[in-house]
Amino acid sequence: MIRMTEPSKITSQSVPDHQPAAGGIAARARASVGPKYLSGLNPEQREAVETLDGPVLVLAGAGTGKTRVLTTRIAHILSQGRARPGEILSVTFTNKAAREMKHRLGQMLGHAVEGMPWLGTFHSIGGRILRTHAELAQLKSNFTVLDVDDQVRLLKQLLQAENIDDKRWPARMLAGLIDGWKNRGLMPSQVPSGEAAMFANGKGGKLYTSYQERLKILNAADFGDLLLENIRIFREHPDILRQYQQRFKFILVDEYQDTNVAQYLWLRLLSQAPSSFTSPRLRGEVDLRSKSGEGDSPQTELLDPDPLSASEARRDPASGAREPKGPTKNICCVGDDDQSIYGWRGAEVDNILRFDHDFPGAKVIRLERNYRSTGHILAAASHLIAHNEGRLGKTLRTEDQDGEKVTVTGSWDSEEEARGIGEEIEQLQRQGEKLNEIAILVRASYQMREFEDRFVTLGLPYRVIGGPRFYERAEIRDALAYLRVINSPADDLAFERIVNTPKRGLGDATVQMLHDHARKRRIPLFEAARAVVETDELKPKARGSLRDLVAQFDRWRAQREVTAHTDLAQIVLDESGYTEMWQKDRSADAAGRLENLKELVRSMEEFENLQGFLEHIALVMDRDGGSEEDAVSLMTLHSAKGLEFDNVFLPGWEEGLFPSQRTLDEQGRAGLEEERRLGHVGLTRARRRAKIYFATNRRIHGTWSTTIPSRFLDELPAANVEITESKGGSAWGGTGGYGASRFDDMEAFGSSYSTPGWQRAQANRNRGQGGRGGGSRGGFEEEASSFSSSSSSPDFGSFSSRRRGPLTIEGELVAKSTGTTSEFSLSDRVFHQKFGYGHVTKIDGNKLTIAFDKAGEKKVVDSFVQRA
DNA sequence: ATCGGGTAAATTTTT
DNA sequence: TTTACCCGAT
């Protein structure tokens, strides 16, 4: 493994201290040297943009202008006339990233960007290629892309057919295995026999095979297939591969550290210059291109004579195939090994670590100037990540001021942690910080609940980022299933999904008999249904509703010819009773689901027709655009990648949670390093303030357990970190004379105060100041003092106690003024945005206790509910 | 066929 | 503590 730990030299020439607000003297000076889109780039960025020939790896640390480099590079290629828009392959992982790039390109180039047909995600581009050559994968070009849910359902059926107990061998597990194989580029025949045998006493490989067969029959592909089938086609049809190799003069890859083996292989194949290996005639074309200045860089002559064999053998041991060898084209991969956090999902950090072996002669450019975070934050993040061994090594630096130190705060338990953070946020808000600039980043999503509860109580607006994506939501998949059945009567999975949604009295028994029928006669379920309603095999009731359903679909299909696809969708949703089903639903999210359905119909307008819509929907739809309201963001560390905030809160830095015990158990040292990278990602999200927390007691799955501060805390540099007191603790902890009344109030109000953890905290509080036990707390304080002497600086302490009292009181007053007049009375029927319908069981000023129909009893501030 | 209760299991999740 | 799934009762 290559190690490149020497920091690259940065000359001491002056650079703008902020990312080009375009207009510094230096910027203007450079502007005269090249096209104006190049002005404002620092020397490394500029090199990354201008090094067009041969393989380039841009190691772009957090906040160093990665996207800027990528988009400017495209602009540069175009403006130099090196390629037309359609000759640049530019891949990202997320639709969001692809959109962002399109947007920024548009700004840079004017409106000429619509013609970047090959800028997209791996999957959407793979899907597009696969549709073009679908028949070579035994598919039709209108094949369906299955989501995970469909995938699992299909596998369940296969397990049943094989008489395998799907309790002992869950379909989900098999789906995971198959997905893993596909991520590694393995077709059924290539799966190492040991692994294939792992599942269901040796039936794993066979199941993979029959799963693939089933997919073809259903005219469907899963996400993995979108790339894997590309690879297969490229290997089996060199002429087709050559066609793409010739088309793509330049390849750009975003977030290269997250690529898996399949994506790597796909890129490998595409990135090779069309070579004489397959066709002598091409020789000429290559030479021609060289002459016109579009050939490969001179470095290619120094190539490892057999660049592929080593990596191929390593990555793809089961494959006897060797890719044709040829010179590497102009591929530019941008990434950051220190932000590789998707190893558990198949990403191979090795891809980036071995880049210059895989792409010999590669030029490696490091972007180390960070334009995001202040000094202390950057130093803390850098020191933390420096504990990793498997990295290429970068040293992030900033010319910004040091700013505030990173704080580390201990609390007694996770509730105190949530309270403390809640108060700090209110304080920041008082100081004029926008809630939009505040984020809480957690390791595991179950940590979010406590914050949500707290914020609901405080009436603090928040928004959860992540969670199920738009098209993964049940209502969206249901709606899509209806449309899929209309579009393709052979789509059994879609038919099965909606045959009894809404309830039509067509249960398992009916579906089972349809299956039998379909299998016997080798026809799709839908056709089986059509046949079965003509017989009297079904009970009259089921027969009737099934006949109606078939008739409805026939009608919709007929309407399809004469109705716009958006209208058709609306008609289907209404006539099927699907809309009505949610209208009648009383749960909290019913309204949101109806809204989502509207959004779905609206989004169809962007497509020509139903077919086009269905082809792209699975790949292009993502989470709905966040609302514009000012709110705190709550998300996992994973979903924070790529985002940035002025203020970042990082709770739960405890052994077992972060780093996650499970990752440690399963992945060992590699897992630890990935967790550490996660910490690095978290810290580098912060522009001005990063605040870390740990609790001594945490409730995990309902039971309390004592935890030890995370080892990562010890790895933070003393000089950049400050240890502070938990304010959540001292607020009720009796310092400052005000605590007692506040405490009483809280106790009366919050049910959480009777938990064992709190009781322990209370007992402990009597022993030490502010809830602190006498120092026997996981040994953190001893270690803490070794890296900072500024434990709870007097300044901060007096500041906070001086400010806290009045502030909180003001908060009370504000809250009371809105509700003391008791808008509500006992047993009123109310609706809450998050918890749905319920009735009031208790009133305490503006605070209501409400028994929700679905969410149980909760306490909320009255301004958050409305009369139902 | 559907509802309700009881029980096991429980990160992270770009497509 | 919650949630998803299975089984038994209606």
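Throughout, read-outs are computed from the coordinates displayed, never taken from laboratory work. Everything numeric in this text was worked out from a predicted model, so none of it was measured. Counting neighbours? That spans all protein chains shown, and the Cβs are built from the backbone with ideal geometry, glycine included.
Laid out as a table, the results:
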read-out	value
Separation in nanometres of the label points that stand 7 Å from Cα toward Cβ, at A:R469 and A:I217	2.9
In sequence order, calculated HN-Hα J values of region A:177-188 (Karplus, 6.51, -1.76, 1.60; Hz; x Gly/Pro)	4, 4, 4, x, 4, 5, 4, 8, x, 9, 7, x
Overall form of region A:552-617 per C-alpha gyration tensor (a/c, 1.5; a/b vs b/c)	oblate
Karplus 3J(HN,Hα) series, Hz, for region A:159-174 with 6.51 cos²θ - 1.76 cosθ + 1.60 (x for Gly, Pro)	4, 5, 4, 8, 6, 9, 5, 7, 8, 6, 10, x, 4, 4, 5, 4
Fewest-first ranking of A:E416, A:E534, A:E368, using other Cβ atoms within 10 Å as the exposure measure	A:E534, A:E368, A:E416
For A:Y482, A:Y693, A:Y37, order by how many other beta-carbon atoms lie within 10 Å, fewest first	A:Y37, A:Y482, A:Y693
Ascending count of other beta-carbon atoms within 10 Å, so fewest first, for A:S660, A:S411	A:S660, A:S411
For region A:664-669, Karplus couplings with θ = phi - 60° (6.51, -1.76, 1.60), whole Hz, Gly/Pro x	4, 4, 7, 10, x, 4
